[in-house]
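What follows draws every value from the coordinates through simple rules; no lab data is involved. Because the structure is predicted, anything quoted here is derived from the model rather than measured. Cβ atoms come from the backbone with ideal geometry, glycine included; neighbour counts cover every protein chain shown.
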Amino acid sequence: MASYKVTCALTLLTLLTPECLSQLDAVVCGQAPLNTRLLGGSSEVTDGEWPWMASLQKDGRHVCGGTLVDEDSVLSSDDCVSSSPTASDWTVVLGRLKQNSSNPFEVTLKVTDITLSNQTGSNAAVLHLETPPTLSNYIQPICVDNGRTFSVGLTCWAAGWSSGAGGEEQVLQEIQTSVVDCEDTRRDSVCTEALTLEQEFSGGPLMCRQDGSWFLAGVLAVENKLTTRSLTVQGKSVNNYAQMYFR
C-alpha cells in the first residue's frame, strides 16, 4: 500500500495553455447526470457516474487514473508518467467503467504532449489529447476553480481502479469521505476523514460537489510504500499545494 499526496487544482491552471484556459470558461463542466449516489462508504461505480474519470494506459495496460479537466486535457500525477514522459507511449481511455470487460461508452485517445509541473512541492502532469472526445453523459470534464474552498462537513469522493477490488472485471471504485476540521494544520487547509486506497488510485481525482457542480479538489499521487492501509487526506485549499498522508 502507498501513501498519497494531493496536488491541488491551482497547479493545473499553471500547466494549461491560454487557449485551454479560455475553453474552461466556455465548456460546461462538473455535470454528471447519471450520478445519483448521495451516501455510501466504498462501492463499485455504474456507467456515467464519474464521467471525467480517465484511465492512463501504456502498452494497452492501465497504469494510473486521471481526470478530464478540459475538452482535450487530462490531469494526473507526474509520478505516473515521469519515468516515461514520451507522449507517444501513452493513450487515455475515457468513458471506461471496467478494466477487464467491454465498455460500450469508452473512447481511446492518443496523447500528443505531456506537461510536467515545475513548481516546488507539486507533482501534477497534464496530458494533452490529439483530438477532443465527443462529450456525452459518459464523458464530461470536471470543474476547476482555483479560488474555491471546501467547508467542514462537505462530502467528497475519490475514485479509481484497483486490482484488489472490483472483481475480475476490475470495476471502477468510489470512496466517500467528508471534510473535517484540520485542527493543528494551517488555516488554508482542507482535511478529510481517513480513506482506504489502493496504489492504482494514483493520478485519480479527489472531487467535491458544490453549487450544483463537481469540482476537482486534488490529484492522488503515490509518495512512498507503506504497510498500512489507513489514509488521511491532508491538504490546502485549491489556491495552494496539498497532500494526502497517513495518520
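For Glu169, nonlocal amide neighbours, meaning residues 5 or more places apart or on other chains whose placed amide H falls under 5 Å from its own, do not occur. Sequence-distant contacts, meaning Cα pairs under 8 Å at least 6 residues apart, place the relative contact order of segment 37-182 at 28 percent.
Ser136: net charge of surrounding residues, Cβ under 12 Å, Lys/Arg +1, Asp/Glu -1, itself excluded? List each step's numbers first, then the result.
Numbers: positive: none; negative: Asp47, Glu106.
Its environment carries a net charge of -2.
Site pair Asn100 and Ser84 shows an inter-label distance of 2.0 nm when each label is modelled 7 Å from Cα along Cα→Cβ. The average projected area of segment 72-126, computed from the convex hull of its Cα atoms over all directions, is 4.5 nm².
Just to verify a number: FRET efficiency for Lys58 and Glu183, C-beta to C-beta distance, R0 = 45 Å, to 0.05? My answer for the efficiency is 0.65. With both labels modelled 7 Å from their Cα along Cα-to-Cβ, the Ser213 to Asp113 distance reads 2.5 nm.
Computed from backbone phi, the HN-Hα couplings of segment 158-173 come to 10, 8, x, 9, 8, 5, x, 8, x, x, 4, 7, 6, 6, 3, 10 Hz, rounded to whole numbers (Karplus: 6.51 cos²θ - 1.76 cosθ + 1.60, θ = phi - 60°; Gly and Pro given as x). Determine the distance separating the Cα centre of segment 51-74 from the Cα centre of segment 147-165; give it in Å without decimals. Taking the Cα centre of segment 147-165 as reference, the centre of segment 51-74 is 17 Å away.
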